[in-house]
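What follows draws every value from the coordinates through simple rules; no lab data is involved. As the structure is a computational prediction, the values presented were derived from the model and not from experiment. With ideal geometry, Cβ positions are generated from the backbone for all residues, glycine too; neighbour counts draw on all protein chains shown.
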Ligand SMILES: NC(=O)c1ccc[n+]([C@@H]2O[C@H](COP(=O)([O-])OP(=O)(O)OC[C@H]3O[C@@H](n4cnc5c(N)ncnc54)[C@H](OP(=O)(O)O)[C@@H]3O)[C@@H](O)[C@H]2O)c1
């Protein structure tokens with residue numbers, strides 16, 4: 001089989017895996033494809049946590065033994081982290097398939113290769129790392145969770161060519177086009193939770209749901225960072241405090257917030273997490289631990305500038321999505337996405353790693369893991385509270 005044939009069959013397995021988009025937490029998405037005589041004859045994927053291993057399901061669906069010379073394509077090695085080391089490996093060996101092509105290894109370094117080695121011991125020829133970047137990218141949330149036991153914090157921004165998220169007037173709807181905004185809906189469907197700062201809630205009153213054509217509106221957990229509960233002070237409450245999904249809204253505040261406002265929100269059916277104040281800010285590390293305790297393995301921060309900048313200053317941001325539109329404001333008073341750092345040298349720059357590029361109409365998405373320099377100098381005056 002040629003390299004390009006292997007890649008095209010792995011793409012089929014990847015497409016299968018993506019059918020589980022947003023439904024498999026905390027398990028990864030996994031896809032499988034069986035190829036006989038150059039044709040895909042059976043596929044399967046993980047539909048929800050606790051689903052049967054995809055290779056087991058694939059053979060069940062096939063309903064017969066694979067033909068001699070059949071190859072099995074798996075986006076992820078059957079390993080302990082995906083609970084397939086025994087069931088998956090056994091099913092493959094019992095099926096008689098003699099050639100298995102694997103994309104990504106088990107994400108736990110101490111588990112990596114265990115599944116591949118067990119297959120080899122069972123007499124199966126194993127080839128690995130086919131479209132490995134795509135296969136690893138499929139599971140950025142669950143991989144991070146398995147490796148760190150804490151949720152991944154990702155931020156999204158939609159910017160102009162000069163990195164602005166709003167005009168000097170505050171107008172920001174819409175910087176990017178419809179296709180880029182639809183892609184954001186997809187990520188909202190994948191991440192188990194979304195977070196915004198109080199400023200964005202007051203300014204934009206967003207719905208923070210995922211609205212994808214042909215699918216019912218989906219509401220992840222929705223966090224609002226609001227140290228003093230100023231979003232609960234007005235005559236009218238923001239819509240995410242009153243809509244049908246309000247029991248999915250959690251306001252993250254500090255013990256400096258007024259108890260009357262906490263009661264007002266709770267009476268509406270909104271949840272409130274009161275965390276201890278640290279430098280007059282909601283402490284992200286405590287928030288992260290609380291998310292882990294309730295099994296939330298990823299938070300998609302949608303701004304605004306202050307919230308994501310402070311995440312960055314505290315080295316708490318792990319991943320960044322930047323949608324960039326081909327428009328330019330050239331206005332120093334227009335809002336920038338990240339602010340408050342003093343960066344004298346390029347060596348101090350924050351650099352994205354494992355970078356991916358995608359196009360949505362004329363807009364470009366650049367995304368990747370946040371790589372921090374040894375030293376970050378924060379200009380404390382930029383966001384000083386009070
Ligand atoms: N283009 C885009 O991608 C995009 C996305 C989102 C928003 N926006 C725009 O951004 C603007 C809003 O941004 P913003 O910077 O004014 O406000 P923001 O970042 O949405 O909210 C900041 C507020 O969050 C509260 N907060 C609580 N804990 C915090 C913590 N640990 N760190 C930081 N903040 C914390 C603070 O309120 P307290 O001090 O009261 O606690 C702070 O003032 C709007 O114009 C919106 O349209 C653009």
In angstroms, what radius of gyration and Dmax does region 150-371 have, counting Cα atoms only?
-> 17.2, 51
For helix 3-18, what angle does its Cα long axis make with the longest principal axis of the chain, in degrees from 0 to 90 and rounded to 10?
-> 60 degrees
Projected area averaged over all directions for the convex hull of the alpha carbon atoms of the chain, nm², comes out at 21.2 nm²
With label points set 7 Å from each Cα along the Cα-to-Cβ direction at residue 36 and residue 120, the distance between them in nm comes to 2.9 nm
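Let me know the whole percent of all Cα-Cα pairs from region 137-196 that are separated by more than 14 Å. Numbers along the way, then the final one.
Working: 1171 of 1770 pairs.
Of all Cα-Cα distances in region 137-196, 66 percent exceed 14 Å.
Report the calculated FRET efficiency for residue 327 and residue 244 (r = Cβ-Cβ distance, R0 = 30 Å), to the nearest 0.05.
0.30
Run lengths n ≥ 4 of DSSP H only: what is the helix-derived mean residue ellipticity at 222 nm for the chain, with -39500 (n - 2.57) per run over all residues, to the nearest 500?
Numbers: 11 runs with 106 residues, N = 386.
Computed mean residue ellipticity for the chain: -8000 deg cm²/dmol.
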Quick one: plug the Kirkwood hydrodynamic radius of region 3-136 (C-alpha pairs) into Stokes-Einstein at 4 °C, 1.567 mPa s, and report D in µm²/s.
-> 91 µm²/s
Cα centroid separation - region 226-249 against region 259-283, whole Å = 11 Å
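So how much slack lies between residue 357 and residue 83, counting 0.36 nm per residue of separation and subtracting their Cα-Cα distance, in nm? Show your work: numbers first, answer last.
Details: separation 274, 0.36 × 274 = 98.64 nm, distance 3.19 nm.
Extending this stretch completely gives an extra 95.5 nm.
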Can you put 185, 280, 10 in order, fewest other beta carbons within 10 Å first?
-> 280, 185, 10
Can you tell me how much longer the chain between residue 15 and residue 211 gets when fully stretched, taken as 0.36 nm per residue apart minus their C-alpha distance, in nm with one decimal?
-> 68.5 nm
Net lengthening on full extension, residue 52/residue 23 (0.36 nm per residue, minus Cα-Cα) = 9.0 nm
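Indicate, rounded to the nearest 5 percent, the antiparallel portion of the DSSP beta bridges found entirely in the chain. List each step's numbers first, then the result.
Details: 29 of 64 bridges.
Here the share of antiparallel DSSP bridges comes out near 45 percent.
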Counting DSSP beta bridges in region 150-371, what percent are antiparallel, to the nearest 5?
-> 40 percent
Give me the distance in nm between label points sitting 7 Å out from Cα along the Cα-to-Cβ direction at residue 268 and residue 171, one decimal.
-> 2.8 nm
Once you've got the GNM for the chain with C-alpha springs shorter than 10 Å, pick whichever of 151, 238, 109 has the biggest mean-square fluctuation.
-> 109
Based on the mean of other beta carbon atoms within 10 Å per residue, what is the order of 218-227, 161-170, most packed first?
-> 218-227, 161-170
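Return the percentage of antiparallel bridges among DSSP beta bridges fully within region 3-136, rounded to the nearest 5 %. Don't skip to the answer; put the middle values down first.
Working: 10 of 18 bridges.
Counting DSSP beta bridges with both partners in region 3-136, the antiparallel share is about 55 percent.
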